[in-house]
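Participant: Dumping the structure here so I can ask a few things about it.
Coordinate-derived values only; no laboratory data. A quick note: this is a predicted structure, and the numbers were derived from the prediction, not measured. Positions of Cβ are generated from backbone atoms using ideal geometry, with glycine treated the same way; all protein chains shown enter the neighbour counts.
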Amino acid sequence: MTFSPQEFKQQFPLFSQAENRDLVYLDNAATTQKPGCVIDAIRDFYLHSNANTHRSSHRLARRATDMVERVRAASACFLGAQSPREIIFTRGATEGLNLLANSLCRGLVAGDEIVLSTAEHHANLVPWQMLAEQHGLVLRFVPDANGVPQIDRIAEVLSPRTKIVSVTGGSNALGFRTDLATLRATLRATLSQRDLRWVVDGSQLAAHDVVDVAAIGCDFFVCSAHKFYGPTGIGLVYGREALLRDLPPWQGGGEMITSVDLLASDYADLPHRFEAGTSSLAAIAGLGACIEFLGKQDRRAMAQHEQTLLAYLHDRLSKVPELELLSNPRNNLGIASFVHPRCAAIDIAQWLDGRDIAVRVGHHCAQPLLHAAGHTATVRASLVAYNSREDVDRLIAGIEELLQQLDDTAEPQPSAAGSSESAATEAYPWQPDDLSKLDLDALCNQKNWQDRYRTIMSWAKVISRKDQIRTTEHLVQGCESSAWLVHRQEAGVHRFAIDSDSRIVKGLGALLLSQIDGVSEGAVAPSELHQIFDELGLSQQLSESRGNGFRALVQRAFDLMDA
Ligand code: PMP
């Protein structure tokens, strides 16, 4: 059966909004768009069934309760669980992993070991770190090659003290799948003790695969509905019933008890003892519609289309001069991750955003993996079944256009003033750049954001490359890409120099320095700089992290002046 991404896409109302007609959405690993039936189900819940579950005997409460338990049963089928009692609703995968970390570690003793991998999302790393600290547990990691776990070598880190193995089903940063069949075979063959628990973070799997926890063979499986066309605010934890029965609850509160005394309580039966408080009821309704929606699709044909498209995406990217691809299309969950030596990842993403192409940039909440691969940030394009060859073509055209532009405006060479052989003194191996031509009034008078953005990018050209200040000491924390700032006092005025691997950060740095370089003590206050930033509309147009980056530069500049 052939699959039509165009027909599939028609079921997603966001794409038919006038403002989104040209949108190329390639940020699906962060969250997918929602089909109309999911949006309708959330609305319908509030229109027809809104009441809290369980605690009341009225008609609406019964309807809401029935809906929740129906969706639980559907979720059990969706994941291949044996019973709805094996399904716990959480706010998302992060909460699910925190639940498991807290409940599973409760009975462990100092020296017990947890095996994780370098490819974990922070959500499957930080909770275990926190519990390890609390209980004196030891974290061990599957051997890896440049960050990619070598699952066939996991036996090297298993020991009689291993109590938990928690690994991702696939990397959200580079896309590679974990070899769960090998993992299953090794865990079965190697371990004699039976008190080992195996958790799979399946967050990236369900959009692409029909999940079957029985076939995987894990004890626990965690995912978030928003990654597979469902709503945000709802996640699933699957746990083997026999194991869940013995597991202590994590959070306490209403709904998870049968009786409460002043000093002790009895907990409810499975699965409610793991669901303290009011659940995300409307989101559960949306999840139900999503599972029904996926049940009607030809999942094999969808997966085939995604694989073909992913191969095409990698092929096209591999032909872009100098571009370094960190991902591989084989055994991959729809993700291409790349960097370019002449352009910071953040500048690529910002440029693509200007062409209405949504990708993600950064460490993708997988810092250990990216560091092991030798990077701090990549551009990630992630696709699902509604993406098409046209989307890929638009992405490639956008990147090529950017690179062409870079060729036309080659990076400024180290200026005479900035070079170490220049007039720089021994004491100060850098000279400030000449910012005299930067005209803030002209920038403010520009009518639209696009013109202002172009001007700020052009201001980056006055900032020369200064290898001598690119050191950890001068690195400004809080910027999405690397930025270095130095300061000295000269004849009663403050002098600064900045450098960055990102053109937009250089441009913002030039804006900042145009106001503070060469001024005397107290002549300008941080609030004035934030005001300029706001008045230029930068806070609305730049991502929050860019705004934070600018604030971090301002903060560092004033700290240096005060020092
Ligand atoms: N694990 C992986 C592999 C993920 O990709 C994500 C989300 N990016 C999470 C965990 C956390 O999911 P959520 O933010 O929905 O809790």
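Participant: Measure nothing fancy, just the Cα-based angle from helix 389-408's long axis to the longest principal axis of the chain, in degrees from 0 to 90, nearest 10.
Facilitator: Around 20 degrees separate the two axes.
Participant: I want the antiparallel fraction of DSSP beta bridges within the chain, as a percent rounded to 5.
Facilitator: Just about 65 percent of them are antiparallel.
Participant: Lys and Arg at +1, Asp and Glu at -1: add these up for the other residues within a Cβ distance under 11 Å of Ala119 and post the number.
Facilitator: Net charge around Ala119: -2.
Participant: Right, another one. Using 7 Å Cα-to-Cβ label points, what is the Asp441/Asp22 separation (nm, one decimal)?
Facilitator: Spacing of the two 7 Å Cα→Cβ label points: 3.4 nm.
Participant: Chymotrypsin sites (Phe, Trp or Tyr not before Pro), restricted to the range 15-121: which are DSSP loop and have at most 10 other Cβ atoms within 10 Å?
Facilitator: none
Participant: Using DSSP to define loop residues, name the GluC sites (Glu not before Pro) in the range 490-563 whose beta-carbon has at most 11 other beta-carbon atoms within 10 Å.
Facilitator: Within the range 490-563, the qualifying GluC sites (Glu not before Pro) (loop, at most 11 other Cβ atoms within 10 Å) are Glu521.
Participant: Over the range 234-390, one equal point on each Cα, no solvent: what is log10 I(q)/I(0) by the Debye formula at q = 0.14, 0.18, 0.19 Å⁻¹?
Facilitator: Scattering profile of the range 234-390, log10 relative to I(0): -0.90, -1.09, -1.14.
Participant: Any idea what the dipole of the range 37-295 comes to, in debye rounded to 20, about its Cα centre with Lys/Arg Cβ at +1 and Asp/Glu Cβ at -1?
Facilitator: 260 debye
Participant: Quick one, can you get me the convex hull of the C-alpha atoms of the range 37-295 expressed as volume per residue in Å³?
Facilitator: Dividing the Cα hull volume of the range 37-295 by its residues yields 121 Å³.
Participant: Would you work out the relative contact order for the chain, in percent, from Cα pairs under 8 angstrom that are 6 or more residues apart?
Facilitator: Over the chain, the number comes to 15 percent.
Participant: Shifting gears a bit: Taking the beta-carbon count within 10 Å as an exposure proxy, list Ser57, Ser481 from fewest neighbours to most.
Facilitator: By the 10 Å Cβ count, ascending: Ser57, Ser481.
Participant: Which whole-number percent gives the relative contact order of the range 490-563, counting Cα pairs below 8 Å spaced six or more residues apart?
Facilitator: The value is 31 percent.
Participant: May I ask you to compute the full-extension gain from Gln541 to Glu390, defined as 0.36 nm times their residue separation minus their alpha-carbon distance, rounded to one decimal in nm?
Facilitator: Extending this stretch completely gives an extra 51.7 nm.
Participant: Quick one: net charge of Phe141's neighbours, Cβ under 14 Å, K/R +1, D/E -1?
Facilitator: Net charge around Phe141: -2.
Participant: Which one of Pro84, Cys365, Phe293 is farthest out on the positive end of the charge dipole of the chain, using unit charges on Cβ (Lys, Arg +1; Asp, Glu -1) and the Cα centre as origin?
Facilitator: Among Pro84, Cys365, Phe293, the one farthest towards the positive end of the dipole of the chain is Pro84.
Participant: What is the distance in Å between the Cα centroid of the range 302-357 and that of the range 77-106?
Facilitator: If you average the Cα positions of each part, the centres end up 33 Å apart.
Participant: Which number gives the lysine pairs in the chain that have C-alpha atoms under 17 Å apart and are eight or more places apart or on different chains?
Facilitator: Value for the chain: 9.
Participant: For Glu324 and Glu490, what is the calculated FRET efficiency with R₀ set at 51 Å and r taken between the beta-carbons, to the nearest 0.05?
Facilitator: Efficiency for this residue pair is about 0.80.
Participant: While we're here: Rounded to the nearest 20 debye, what is the charge dipole size of the chain about its Cα centre when +1 sits on each Lys and Arg Cβ and -1 on each Asp and Glu Cβ?
Facilitator: 1680 debye
Participant: What is the range 231-279 by shape, rounded, prolate or oblate, if you read a ≥ b ≥ c off the alpha carbon gyration tensor as root eigenvalues and call it rounded for a/c under 1.5, prolate for a/b larger than b/c, and oblate otherwise?
Facilitator: oblate
Participant: Which one of Ile39, Ser259, Val126 has its Cα pushed farthest toward the positive end of the charge dipole of the chain, where Lys and Arg give +1 and Asp and Glu give -1 at the Cβ?
Facilitator: Ser259
Participant: Right, another one. Measure nothing but the geometry: give the 0 to 90° angle between the long axis through the Cα atoms of 126-135 and the longest principal axis through the Cα atoms of the chain, rounded to 10°.
Facilitator: Between the helix axis and the principal axis of the chain, the angle is about 70 degrees.
Participant: Hey, another quick one. Pop out the ³J(HN,Hα) list for the range 333-346 in order, Karplus 6.51 cos²θ - 1.76 cosθ + 1.60 with θ = phi - 60°, rounded to Hz; leave Gly and Pro as x.
Facilitator: Going residue by residue, I get 8, x, 10, 10, 10, 8, 9, 9, x, 9, 8, 4, 3, 5 Hz, with x marking Gly and Pro.
Participant: Which trypsin sites (Lys or Arg not before Pro) in the range 276-340 pass both tests, a DSSP loop state and at most 14 other beta-carbon atoms within 10 Å?
Facilitator: Lys296, Lys319, Arg330
Participant: Most exposed first by the Cβ proxy, i.e. fewest other Cβ within 10 Å, how do Leu511, Leu243, Leu108 rank?
Facilitator: Leu243, Leu108, Leu511
Participant: Moving on. Where both residues lie in the range 37-295, what percent of DSSP beta bridges are antiparallel, nearest 5?
Facilitator: Percentage antiparallel, nearest 5: 50.
Participant: Mind jotting down the distance between the C-alpha centroids of the range 237-279 and the range 1-49, whole Å?
Facilitator: 35 Å
Participant: If we count every other residue with Cβ under 11 angstrom of Pro368's Cβ, Lys/Arg +1 and Asp/Glu -1, where does the sum land?
Facilitator: -2
Participant: With r defined as the distance between the Cβ atoms of Asn331 and Gln6 and R0 fixed at 30 Å, what FRET efficiency is calculated, to the nearest 0.05?
Facilitator: So, using R0 = 30 Å, E works out to roughly 0.65.
Participant: Quick one: if the Förster radius is 25 Å, what FRET efficiency do Thr471 and Asp434 give, using the C-beta to C-beta distance and rounding to 0.05?
Facilitator: 0.60
Participant: Translational diffusion coefficient, Stokes-Einstein: compute it for the range 161-258 using the Kirkwood radius over C-alpha pairs as Rh, at 25 °C and 0.890 mPa s, and state it as an integer in µm² s⁻¹.
Facilitator: 164 µm²/s
Participant: What do you get for the angle between helix 544-562 and the principal long axis of the chain? Use alpha-carbon atoms, 0 to 90 degrees, nearest ten.
Facilitator: The angle comes out near 50 degrees.
Participant: Give the share of C-alpha pairs in each 20 angstrom bin for the chain, from 0 to the last occupied bin, in whole percents, shortest bins first.
Facilitator: 19, 45, 31, 6, 0
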